[in-house]
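Each remark here refers to the structure printed beneath this line.
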Amino acid sequence: MALTQTVRVWTRSESGTDPMGEPMYVWTHVDVPGVLVRTGSGTDMERGDSASDLRPDGVRVSFTLAFPKGYDGPELRHARVTLLDTRYGMDLDESEGWRTALAVSGDPLPQVPCPTHWDMICEVGRTDG
């Protein structure tokens, strides 16, 4: 049996506008158990100097996550993720945890067909800038 972790997926939604007419957002989260977490160990990600670890949106990939089949949580595009079991990205209190969470790279979608219990691969990491 594979070792899995619980991750917290943070998403934002527009909550109104400020006095200047600019959108304001509120962050909410959902905890997802059974996620496989792989670090960049042994790959180009470990070196940190390769273009292969730099993904869209300025995200430098630190972890690859495999979400279990049947994940029905929020869309992962533009989301952030906290690794709860390792407390990675939990520098602030729970309501502000999105600030230190890892950014999702790209737009992860389920892969069909998939013979394993995990059908969606998601790369996450810190943003530069």
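Values computed for the structure shown
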read-out	value
Inter-site label distance for T39 and Y25 at 7 Å from Cα along Cβ, in nm	2.9
For the range 19-32, Karplus couplings with θ = phi - 60° (6.51, -1.76, 1.60), whole Hz, Gly/Pro x	x, 8, x, 7, x, 10, 10, 10, 9, 10, 9, 9, 8, 10
Derived scalar couplings ³J(HN,Hα) [the range 72-83; Karplus, 6.51 cos²θ - 1.76 cosθ + 1.60; whole Hz; x for Gly, Pro]	10, x, x, 4, 8, 4, 6, 7, 10, 9, 10, 8
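Values in this text are rule-based calculations from the coordinates and carry no lab data. For clarity, every value in this text was computed on a predicted model and none was experimentally measured. Note that we place each Cβ from the backbone using ideal geometry, even for glycine, and neighbour counts take in every protein chain shown.
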